[in-house]
């Protein structure tokens, strides 16, 4: 049975079937439904989503460029299984780039931009990670992106988005993406970042952003190590 995909982005612009399908697969990787090492067959994915093979092939290419899938002539298409070292490297790069983007963005943030960031924090505050993880993840991404897109550096913004997509495959490998998150801690750190932005303290906002990412990395590694030991 063919599904009718929503072909509108949140900004009202039309998106392609390939974009829609890539978003569905990306969400399944992030949630752990498609853990690292899962083989994806083009015909099976096409049948499951009720689409032709062309958007599936194109969606695979999009996710491979994002680091979420790997492909080879012998193994085919597989959900990526990055290592802890890969994750650490990802965060080490992101800390520097996201802090830099934050520093550049602070002078460009308007009252409307700051108001929107406050709205996102207010919407995140009451959410339960056990029940609302996907929604929290989207709001968290929107908060960060709402800052970085105003850096005035489109290539930097694009690179950050690519790097931010990679840990999803790592967390999906363990099928427990919410395990590293503490909503109260994250929300408090977001509020501190926003306060620095409102005060036009660009360097402080950048430093706080880097510390926020460093803390997230530490919690992810700690949770994974704990999960490994508990699983034997």
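Read-outs: derived from the displayed coordinates by stated rules, not from any lab. What you see is a predicted model, and the numbers here were worked out from it, not measured in a lab. As a convention, Cβ positions derive from the backbone with ideal geometry for all residues, glycine included, and neighbour counts pool all protein chains shown.
What does the convex hull of the Cα atoms come to per residue for segment 84-231, in Å³?
On the way: hull volume 14.3 nm³, N = 148.
Measuring per residue, one finds 96 Å³ for the Cα hull of segment 84-231.
Is the shape of segment 17-79 rounded, prolate or oblate, going by the alpha carbon gyration tensor and its root eigenvalues a ≥ b ≥ c, with a/c under 1.5 for rounded and a/b larger than b/c for prolate? Please list the in-between numbers first.
Details: a/c = 1.38, a/b = 1.14, b/c = 1.21.
Cα axes put segment 17-79 in the rounded bin.
If neighbour count is taken as other Cβ atoms inside 10 Å, put 212, 39 in order from fewest to most. Display every interim value, and only then the final one.
Numbers: 212 22, 39 11.
With the sparsest Cβ surroundings first, the list reads 39, 212.
In which sequence would 75, 30 go, from the one with the fewest C-beta neighbours within 10 Å to the one with the most?
Details: 75 10, 30 20.
Ascending number of Cβ neighbours within 10 Å: 75, 30.
Counting other beta carbons within 10 Å of each residue's own, what order do 209, 124 fall into, fewest first?
On the way: 209 28, 124 20.
Sorted ascending by nearby Cβ count, the order is 124, 209.
For residue 203 and residue 89 in one chain, what is 0.36 nm times their gap in residues minus the Cα-Cα distance, to one decimal in nm? Provide the component values of the computation, followed by the final result.
On the way: separation 114, 0.36 × 114 = 41.04 nm, distance 2.31 nm.
So the chain would gain 38.7 nm between residue 203 and residue 89.
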